[in-house]
Amino acid sequence: MSGPLRTCTAYWKVPAAGDMCGLPAPHEVADTFFCDHHYDRALRWAAETGRAECSLVYYLQRASDGLIKIGTSRTLPSRFAALRSEHGPVLLMAAHRGAHKEEHTIHGYFAALRTEGEWFRPDVALPGHILKVRSAAGGRTPEGLPEQIDLLELGRKVRHLKRAASPVAVPVAVRPNLLTISVPTISGIVPAHG
């Protein structure tokens, strides 16, 4: 590199938060100069962000037993086809942007409903969450994805499950705590409308 010696313009997160790096910067990106360390970090961040941007968290229901799979994929149409050949008829209930981090957060909220792997019982809370995800997206199927369950049909299923799980039918002492979770508190999961 010819010309004046450039210094890294990245800021350290630790140990002295806010201090500019100042090491020699052999890498130039746009009008920013990076040392080897910060250049490598920027490349890793860009790769991770790119994966998250095109990843989808999906919810699909297996026709044979009604279980709901919560998974993530960068290629949902091909993943959907693979799951259909492995499990028989499946129905896409919803999909939204998200990567493994969001998927694992959702798995945690519905852990009491987990039956095997990424498959969950369709208790009230999970279809209710899916309905909120779909409603936030205006009920639309994202372009290029398999058709989703009709929003009205999903609403009917949720109402049916709520009636079946009414407090009269199930004593409070044995009702799972999960049914009391306020699904809207799952921050960052339900996408903004638009």
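Answer yes or no as to whether Ala81 is surrounded by fewer than 18 Cβ atoms within 10 Å (Cβ to Cβ), at pLDDT below 90 and part of a helix (DSSP H, G or I).
Against the criterion (surrounded by fewer than 18 Cβ atoms within 10 Å (Cβ to Cβ), at pLDDT below 90 and part of a helix (DSSP H, G or I)), Ala81 qualifies.
For (1) in the same structural domain as Ala164 (by TED's automatic domain parsing); (2) free of Cβ contacts under 8 Å to residues at least 24 places away in the same chain; (3) within 16 Å of Val158 (Cα to Cα); (4) not hydroxyl-bearing (Ser, Thr, Tyr), each residue gets a yes or a no:
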site: Tyr59; (1), (2), (3), (4): yes, no, yes, no
site: Gly66; (1), (2), (3), (4): yes, no, yes, yes
site: Lys69; (1), (2), (3), (4): yes, no, no, yes
site: Ala82; (1), (2), (3), (4): yes, yes, no, yes
site: Ala99; (1), (2), (3), (4): yes, no, no, yes
site: Phe120; (1), (2), (3), (4): yes, no, yes, yes
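Quick one: Thr105 ticks every box in (1) at pLDDT 70 or above; (2) out of contact with any Ser or Thr (no Cβ under 8 Å at 6 or more places or on another chain); (3) surrounded by 11 or more Cβ atoms within 10 Å (Cβ to Cβ); (4) under 20 Å from Gln61 (Cβ atoms) except a single one, so which number is it?
Of (1) at pLDDT 70 or above; (2) out of contact with any Ser or Thr (no Cβ under 8 Å at 6 or more places or on another chain); (3) surrounded by 11 or more Cβ atoms within 10 Å (Cβ to Cβ); (4) under 20 Å from Gln61 (Cβ atoms), only one is false for Thr105: (4).
Evaluate the following for Ile70: is it crowded, with 18+ Cβ neighbours inside 10 Å, of a type outside the set (Gly, Ala, Ser), touching a Phe, Trp or Tyr at 6+ places or on another chain (Cβ under 6 Å) and assigned to a strand (DSSP E or B)?
yes
What number of residues within the range 60-102 satisfy the criterion of being of a type in the set (Lys, Arg) and over 17 Å from Gly117 (Cα atoms)?
Counting residues in the range 60-102 that are of a type in the set (Lys, Arg) and over 17 Å from Gly117 (Cα atoms) gives 2.
Quick check: anything in the range 91-106 farther than 18 Å from Val133 by Cα and not β-branched (Val, Ile, Thr)?
no
Regarding the range 50-65, can at least one residue be identified that is over 30 Å from Gly128 (Cβ atoms) and at pLDDT below 85?
Among the residues of the range 50-65, at least one is over 30 Å from Gly128 (Cβ atoms) and at pLDDT below 85, which makes the answer yes.
The values are calculated or read from the model by the stated rules, or taken from the named source; none is laboratory data. These figures come from a predicted structure and were not determined experimentally. All Cβ positions, glycine included, derive from the backbone under ideal geometry; neighbour counts span all protein chains shown.
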